[in-house]
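What follows is calculated from the coordinates using simple rules that are stated; it is not laboratory data. Because the structure is a prediction, the values reported are computed rather than measured. Glycine gets a Cβ as well: all are built from the backbone with ideal geometry, and neighbour counts include every protein chain shown.
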Amino acid sequence: MSELEVAQFRCRSDNFGLLIHDKTSGLTAAIDTPDGEKIWKELHERNWQLSHIFNTHHHYDHVPGNEMLKERTGCTIIGAKMDAHRIPGIDIQLTDGEQYLFGNQEITMIETPGHTMGCVCYYVEEDRLLFTGDTLFSMGCGRLFEGSAQIMWHSLQKIKALPEDTKIYCGHEYTLTNAEFALEIEPGNKALQARANEVRELRRNRQDTLPISLSTEKATNPFLRTDSTEIQNFFNLQGASQTKIFAAIRARRNQF
Ligand SMILES: [Zn+2]
C-alpha cells in the first residue's frame, strides 16, 4: 500500500489547502495554491519541501500562490494543457488520462470540464485518492461557468465510474449548505439523512467534512443521483433525460 500522506487545512474563507507527501522519495505536492503564505507555513510546520503543484483549474482562488511558491522552492507546476495560458508558471501540461510519476505513484489527470472548460481532477490509483477541485463537492458540484449541463454531467460520470472506496478531497467546504439543499429535493433518502446529521455534528465542532468516500457521495450527492425516482418526482421530470434532470438540479441549487 501507499506511502502518501495527505494534509488538509483551511485557506481563505472556505477553500481547502491540500498537501500530499511521499515518505519514500520525500516529494511534496500542493493541490492548488489558494493561499501561498498559508501553504508555506504548513510546509514549514511539517518540515516538508514543496516539489510540485498540481492545479485543478485557473480560478483566482486556486492559483494565487503558484508563482510565489515556485520562486521560493523551484517546484514544478502541473496543469491541464487546455489551460496552459491561464495557469501561472505552468511547466508540465497534461491531457485526459495522462499520468505523472510522483515518487513511486502514478498520478492520473482526468479532464472534467463543466465548472470551467479546463477543469481537471487528479487520481492516485494505488491509494484511491481523488482531488476534484471545484468539479465535485460533497453533496454538490461546481457552478457551470464555462460548460453546459451536458458537459458537466458527462464529467461526473467519469468520477462515478471510479472504485467505490475512492477517497475524495474537494476544493471547498460547502458541505452543510449542500446537505440542506440535497434534503430539500430528496428528503426520503436515508443515507442522505444520516450524512446530513454527521455533517451538522462535524461543523458544530468546527471539523472538516472531507475527505469522503465515493460510495457515500453516490448515495447522497443529488448531482450523482439523476436516476433517483424521488428527485425526478420532485422536479416532475419522470423519465426525462439524465442531463435534463441534472440541469434542473443545478438551476435550483443556484437559487438556493
Ligand atoms: Zn473555481
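The calculated FRET efficiency for residue 215 paired with residue 46, based on their beta-carbon distance and R0 = 41 Å, is about 0.85. For the chain, place one equal point scatterer on every Cα, skip the solvent, and apply the Debye formula. What is log10 of I(q)/I(0) at q = 0.15, 0.16 Å⁻¹? One equal scatterer on each Cα of the chain leads to -1.04, -1.17. When Rg and Dmax are taken over the Cα atoms of the range 108-152, they come to 10.7, 32 Å. Volume per residue of the convex hull around the Cα atoms, evaluated for the range 108-256, comes out as 96 Å³.
Other residues whose C-beta falls under 10 angstrom from the C-beta of residue 108 contribute a net charge of -4, scoring Lys and Arg +1 and Asp and Glu -1.
Of all lysines in the structure, those lying under 27 Å Cα to Cα from residue 23, and not within fewer than 8 positions of it along the same chain, are 38, 41, 70, 167.
Database remark: amide H of residue 102 closer than 5 angstrom to the amide H of 107 (H placed geometrically; neighbours at sequence offset of 5 or more, or on other chains; Pro and chain starts carry no H). For residue 222, neighbours were defined as the other residues whose beta-carbon sits under 15 Å from its Cβ, and their charges (Lys and Arg +1, Asp and Glu -1) total +4. Using every pair of separate Cα atoms, the Kirkwood estimate puts the hydrodynamic radius of the range 161-244 at 13.6 angstrom. Peptide packing: for 142-154, 193-205, the average count of neighbouring Cβ atoms within 10 Å per residue gives the ranking 142-154, 193-205, highest mean first. Shape index of the range 1-137: Rg/Rh, with Rg the Cα radius of gyration and Rh the Kirkwood radius from the inverse mean 1/r over Cα pairs, equals 0.92. Multiplying the residue separation of residue 3 and residue 200 by 0.36 nm and subtracting their alpha-carbon distance yields 67.7 nm.
Taking a ≥ b ≥ c as the square roots of the Cα gyration tensor eigenvalues, the range 1-59 comes out prolate, since a/c reaches at least 1.5 and a/b is larger than b/c.
Label-to-label distance, residue 243 versus residue 164, with points set 7 angstrom from Cα along the beta-carbon direction: 3.0 nm. All other residues with a Cβ under 10 Å from the Cβ of residue 93 taken together, and with Lys, Arg as +1 and Asp, Glu as -1, what is their net charge? Residues close to residue 93 contribute a combined charge of -2. Extension gain, residue 37 to residue 148, is 36.5 nm, computed as 0.36 nm per intervening residue step minus the present C-alpha separation. Which percent, nearest 5, of DSSP beta bridges in the chain are antiparallel? Beta bridges within the chain, antiparallel portion: roughly 70 percent.
A straight chain from residue 256 to residue 126 at 0.36 nm per residue would run longer than the Cα-Cα distance by 43.0 nm.
Do any chymotrypsin sites (Phe, Trp or Tyr not before Pro) in the range 4-78 lie in a loop, going by DSSP, with at most 12 other beta-carbon atoms within 10 Å of their beta carbon, and if so which? Taking the range 4-78 and a limit of 12 other Cβ atoms within 10 Å, the loop chymotrypsin sites (Phe, Trp or Tyr not before Pro) found are 60. Here is how the number arises for the chain: DSSP H runs of 4 or more residues each give -39500 (n - 2.57), the sum is divided by the residue count, and the result at 222 nm is -10000 deg cm²/dmol. Applying 1/(1 + (r/R0)^6) with r as the Cβ-Cβ distance of residue 23 and residue 157 and R0 = 41 angstrom yields a FRET efficiency of 0.75.
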